Amino acid sequence: MTTTPTSSQFQRIEIIDALRGFSLAGIVFCHMLENFVASPIPQEAIETMSPGIIDQIADGFVSFLFRGKFFALFSFLFGLSFFIQMDNGKKRGANFAGRFLWRLIILFGIGFLHSMFYRGDILTLYAVLGVLLIPFNSISNKWLLGIAALFFIGLGRYIVFYFTNGEGIFITEEMGPESPMITAYFDILQNGSITEVFTSNATEGNITKAEFQFGVFSRGYLTFGFFLLGLFIGRIEFFKNYLTEKKFLKRLWIGALILLGVSIGSMIAIFASMGPDVSFNSWTSMLGLTFYDLMNVAMTILLVAIFVILYKKNKPQRFLQKFIPYGKMALTNYFLQSVIGTFIFFGWGLGYLTKIPHRYVLLMALAIIIVQMWLSKVWLKYFNYGPLEWLWRSLTFFKLMPIKRK
């Protein structure tokens, strides 16, 4: 018999909630700067988003420090959460695998609804790939790290490219900024009703997402690699013992810095050798994409290491702890970010798609983060869970969980 866990049974590790909130803040910057388009943007629209040098700097800042890193951090934490749930089930004397599978089905439903607003949704991807975590839970740490490394160095991409030679798996037509498919989608975002946007995202949107995740850009394979890395970090109880993990932490940031330097240098050299017109239809370009991924892997690991180093110090910790309520309500806040953002930019809402320069969008993203952090803090003073967290938990255990604090 599986019992329902209570807050008194298992104490939350607050640094994990803080790191989750921090990663969520980074995702806001990425999605806002792309105007929640989640696809290539026509060149004319890009020029209106970056009319000045400040806007180009803002976009470059977000691209280098946030894009490809904070989704990875979020994915890493998903794998870590899987370990915590399975470990807590084991401590209760129960196998949580079946319950976790049901939990993923619920997450897929929430994610599908979210994807109708924003086709770049990651929840449905997590729900699908999360199923594979269950069999991986029984393999050794060496195999976990080895398989994660294979994903990071592009094994999935190379297999796909070998069979497709760069052609799409799910979509055969070109996906460039000026392609008919992208132009039509962009027109729907600018001028379509909410029903038209929902229909496009629920159908064509999920196909294009599958192409991006499992084609030569291989974001999905990278995501699963971070799942496995999070599972490994959970097993060695790094976040439980972060105050004393000095040697491991030092090796982590030094190794990340070395990988960062090597990957950036290699990526620049490879793409520079290809000339100004880079096309992803050669083994050379596949290698360049892999070094780009490795750069993001290195920066993600470096972010974790820096976060932990700062969290160990009193003054930085007091600031970083402000992300804890935000992280505890990550699912609710992630969903609401997309509703707010798409309402601001899409035609069914205020219709400001690509009309606001990046410098102001950056400030808008910061405002959303601050407001959501404040609302999360206030909400959790009176309630045990965020709205979607409560729904997810209640459906998981087929029981209405007590939402109000006593």
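The values are calculated or read from the model by the stated rules, or taken from the named source; none is laboratory data. Just so you know, these numbers come straight off a predicted model, no measurement behind them. Here Cβ is always computed from backbone atoms with ideal geometry, including for glycine, and neighbour counts include all displayed protein chains.
In summary, LEU375 fulfils each of the numbered conditions (1) surrounded by fewer than 21 Cβ atoms within 10 Å (Cβ to Cβ); (2) assigned to a helix (DSSP H, G or I); (3) aliphatic (A, V, I, L, M); (4) in contact (Cβ under 8 Å) with a residue 12 or more places away in the chain with the single exception of condition (4). Segment 18-96 holds helices (runs of 4 or more DSSP H) entirely within its bounds, and those carrying 2 or more residues that are surrounded by 20 or more Cβ atoms within 10 Å (Cβ to Cβ) and in contact (Cβ under 8 Å) with a residue 24 or more places away in the chain map to 53-65, 70-91.
Are any residues in segment 321-332 assigned to a helix (DSSP H, G or I) and more than 13 Å from the chain's Cα centre (by Cα), and if so, which ones? Step through it out loud before you land on a result.
Our first condition is that a residue be assigned to a helix (DSSP H, G or I); within segment 321-332, this holds for 321-328, 330-332.
Correct list: GLN321, LYS322, PHE323, ILE324, PRO325, TYR326, GLY327, LYS328, THR332.
Only a single criterion out of (1) within 17 Å of THR223 (Cα to Cα); (2) modelled with pLDDT of 95 or more; (3) of a type outside the set (A, V, I, L, M, F, W, C) is not satisfied by SER115, namely (1).
Assess whether MET267 counts as being in contact with a Ser or Thr (Cβ under 7 Å, 6 or more places away or on another chain) and not polar (S, T, N, Q).
Answer is no for this residue.
The condition (being part of a helix (DSSP H, G or I), more than 30 Å from ASN241 (Cα to Cα) and free of Cβ contacts under 8 Å to residues at least 60 places away in the same chain) is satisfied by just one residue among ILE306, ILE344: ILE344. The number of residues in segment 119-148 that are touching a residue at least 12 places away in the same chain (Cβ under 8 Å) and among the small types (Gly, Ala, Ser) comes to 4. Would you pick out the residues in segment 157-187 that are in contact (Cβ under 8 Å) with a residue 40 or more places away in the chain and part of a helix (DSSP H, G or I)? Those that are in contact (Cβ under 8 Å) with a residue 40 or more places away in the chain and part of a helix (DSSP H, G or I): ARG157, TYR158, VAL160, PHE161, THR164, ILE182, THR183, TYR185, PHE186.
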